[in-house]
Amino acid sequence: MSEWSTSAVGREHAFEYWRDLICDTFVQLSATPTRPGGFDGRLTHADLGGLELSTVHAGGQRVRRTPRLIARAGEQYLLASIQTGGRGRVEQDGRVAELGPGRMALYDSTRPYTLHFDDAFEQVVVQVPLTAILAETGLRDAARVTAVSLPADGPAGVVAQFFHGLSRMYPADPDAARALAQHGRGLLASVLSLSSGRAPSDQSLARERVRAFLRAHHADPALSVDDVAAACAVSRRTLYRLFDGGVGPVLREIRVEHARVLLRAEPDRPLGSVAAACGFAGDRQLHRVFREATGLTPGEFRAGGTPRR
């Protein structure tokens, strides 16, 4: 987990530092403080593999994603703000979502939005690739569910509690948090489906069932498409329809993510042992697949290199 604070710079440069920080962590944004005088902010961020999790503790501010910034940097993400302290508002697509503790709102980085915080606040922010989350729900876009205040006492509240708990767990037990985070995108996809007025589709549920099986059995190097199809009671043809290109890329993603955890958590563990624990045929296959997925060799990642997104 990376952690930053405006205490690292002088008071006169605090908000400028903060503005650069939120642009680097999320997407390109413009921001202005809502109060004169000093500004304090603290942000933590963790990339959990297909899902990014941040906590924000900061003073009042107005944050905007403008058409000009979208044209300059076309990052495509779905974001969820989960309010844990203070109050805020999310504006997008002509709607305004009021946020109080426990409430959640979704917004889409491909269209303009504004975040308002009149005073100090706390949030957990979840960020996932937009294309991937839409594929899991079968929705064409997220326009119907952005800037809708999702209550703490409904299904979305259960998911909000999951991500809030994950943010508190990660500093103490990152390996356990990473394991649980594998379920996060499926949970967020369910919120997206429910918020759009429809239950998660049969295909969405089937995809999550297959992903759960792959996570549980990815360490088996002999795992085959037929094994997955039989265990999940679907045909090979259905697997290819559920996952464009089949389950191979999904299985590699899960194996690489497990390798990332082991390489950082156990720096002295031999690469052959890491490969075996993650379901690779050997350290040469681990080296090749890991580099294709992250842009780094296992050794470079273990030494502290930063993988591409």
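The values are calculated or read from the model by the stated rules, or taken from the named source; none is laboratory data. Just so we're clear, the structure is a prediction, and the values are computed from it rather than from any experiment. Cβ sites come from the backbone with ideal geometry, for glycine too, and all protein chains shown count toward neighbours. The protein model used for the area step is the full one, side chains on, heavy atoms only, and it has no ligands, DNA or RNA in it. Shrake-Rupley method; radii C 1.70, N 1.55, O 1.52, S 1.80 Å.
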TODO: Give me the compactness ratio for the range 54-117, meaning the Cα radius of gyration over 2.2 N^0.38 Å.
DONE: 1.11
- [ ] With the convex hull built on the Cα atoms of the range 1-74, state its orientation-averaged projected area in nm².
- [x] 5.3
- [ ] Can you pull a Stokes-Einstein diffusion coefficient for the chain at 4 °C (1.567 mPa s), Rh from Kirkwood over Cα pairs, as a whole number of µm²/s?
- [x] 63
Task: Dimensions in Å of the range 215-262 - Rg and Dmax from alpha carbons - done: 11.2, 34
TODO: Write down the Kirkwood hydrodynamic radius of the range 131-243, to one decimal in angstroms, obtained as one divided by the mean of 1/r over all alpha carbon pairs.
DONE: 15.6
Open item on the list: For the chain, what does the accessible surface come to per residue with a 1.4 Å probe? Please give it in Å².
Closed with: 47
Open item on the list: Accessible area of the chain with a 1.4 Å probe: how many percent of it is carbon plus sulfur?
Closed with: 51
Task: Total charge dipole magnitude, the chain, about the Cα centre, Cβ charges on Lys, Arg, Asp, Glu only, Debye to nearest 20 - done: 620
Open item on the list: Considering all projection directions equally, how large on average is the shadow of the alpha-carbon convex hull of the range 204-286, in square nanometres?
Closed with: 5.4
Open item on the list: In Å and on Cα atoms, what radius of gyration and Dmax does the range 1-152 show?
Closed with: 14.8, 48
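Rounded to the nearest 500, what is the chain's calculated 222 nm mean residue ellipticity when only DSSP H runs of at least 4 contribute -39500 (n - 2.57) each, over all residues?
That calculation yields -13000 deg cm²/dmol at 222 nm.
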TODO: Using only Cα atoms, tell me the angle between helix 202-217 and the longest principal axis of the chain; keep it within 0 to 90° and round to the nearest 10.
DONE: 60
